[in-house]
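Working notes for the structure below.
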Amino acid sequence: MSYFPQRAFFRAIEAELPEKTSLIQWTADHLDLSYASAQRRVSGEKELSAGELVQLTMLMPVAAQRVLEAYPLRDSSLITDNTFNSKEDFVQYLRNIRSLFQSALKSGDALLQYVAYDIPIFLFLANSRMLEYKFAFWSNRLRDGLEELPPEAYVLSRDIYSIYQQMDSEELWNPKARQIQLRQLELNLESGLLNEGQYAELKGFINRIQEQQYQWAKAEQKEGGGAYRLYSYEDITITNGALLSFGNVQQMMGAYAHVKFFSSRATTHIEGFKQDWNAHIRAAQMITHGPPGLLKQWQEQTSA
C-alpha cells in the first residue's frame, strides 16, 4: 500500500486529537500495538495493514476525508471486507461502527440511506440474544450453540442502536424482509441448530421489530428523535447495506453473500449506489407521507 500518503494521514489525525494528546500513544492504544510499533507506523517506516487503515479511517473519518481530498487515491485503497473469525474481531467491528456513528451524529447533518432486502443489522443490536445468534450465524458457529459474547460487545451494540435511533434515515425495505428472517430461523430450527426455546425467543423479537417499525413510520420519527422515512419495494437488486453521509464524508457499508461485510469510500461504489438508490426510490412506494391507509395496509402485508 505504498501509494497511500500514510504520514499525511497521521498528521490529519493529530490535528483532530485533543490538545496534548500523544499521537503515537493514541495509535498504540487504538491499534493495540506497542509504543515502538506505533511509532514506526506514524513515521512511515512501517506501512499500515489494510485492517489498520480501515480501523483508523472509521475512528477518524474527518481526517481520512481531508487526506482523500488532498491526495486522490485509487479506488482499491478505499475498500475493505471483513468476516468474523473470532469474538474479538466482532468486537473490533462494533468499535469501528460506533466510532463512525459518533462522528456522524456529532456533525449534525448525518443521513443514513439503508437498503433492507432483509432486516437491517442495526435493529439486531437492540437484543442480546439476537446479537448472539447473528454472531454465531455470521461466523459459521451455530453448531456450537449460542454463546455469550464479551461484555463490551453488548455495550457497543446498545450504543450503536441508540445513535442509529438519533440519526435521520431513509430506508428502502423489501416487504418480505420479516418473512426472510423468519424462514432463516425455521431452517436453523429444522436443522437442529436452534432449540424450540431459542427459536421462539428470536421469532418474538423479529415480530416486535415489525411493530416498532410501524410506530416509527406512523410518527415519521424513531424513538431517539431521528427522522424516519420508509419506502417499500419488492424487486430490490442493490446489495444489502447503507450509505452514511455527513459533512464531506460518504461511507458505504454492506454485506455480500456468504456474510462478507464490506466498507468503502470508493467513488465508483458511492456513485453506483446513489444511481441504484434513486432508480429504486422512483419505483418504490413511499410508506411514510403516503396516502391515508397505506401504512396500515403495508403493516398487514408484511405481517402476513
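The values are calculated or read from the model by the stated rules, or taken from the named source; none is laboratory data. Values in this document were obtained by computation on a predicted structure and should not be read as measured data. Reconstructed Cβ throughout: ideal geometry from the backbone, glycine too, with neighbour counts over all protein chains shown. Only protein heavy atoms, including side chains, enter the accessible area calculation; ligands, DNA and RNA are left aside. Shrake-Rupley method; radii C 1.70, N 1.55, O 1.52, S 1.80 Å.
The table for this structure:
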{"read-out": "Identity of the residue in region 285-304, among the hydrophobic types (A, V, I, L, M, F, W, C), open to solvent by 20 Å² or more (accessible area, probe 1.4 Å) and under 18 Å from LYS218 (Cα atoms), that ends up modelled with the highest pLDDT", "value": "MET286"}
{"read-out": "Selection count, region 32-50, where residues are open to solvent by 50 Å² or more (accessible area, probe 1.4 Å) and closer than 18 Å to ALA8 by Cα", "value": "8"}
{"read-out": "Extreme residue, farthest from VAL54 (Cα to Cα), among residues of region 16-31 that are open to solvent by 30 Å² or more (accessible area, probe 1.4 Å) and in contact (Cβ under 8 Å) with a residue 24 or more places away in the chain", "value": "GLU16"}
{"read-out": "Residue list for region 138-159, restricted to those being of a type in the set (Phe, Trp, Tyr) and either more than 30 Å from TYR231 (Cβ to Cβ) or surrounded by fewer than 19 Cβ atoms within 10 Å (Cβ to Cβ) (or both)", "value": "TYR154"}
{"read-out": "Close pairs (9 angstrom Cβ cut-off, 6 or more residues apart or separate chains): farther than 18 Å from SER99 by Cα and open to solvent by 20 Å² or more (accessible area, probe 1.4 Å) in region 222-249, among the basic types (Lys, Arg) and modelled with pLDDT under 95 anywhere", "value": "GLU234/LYS176"}
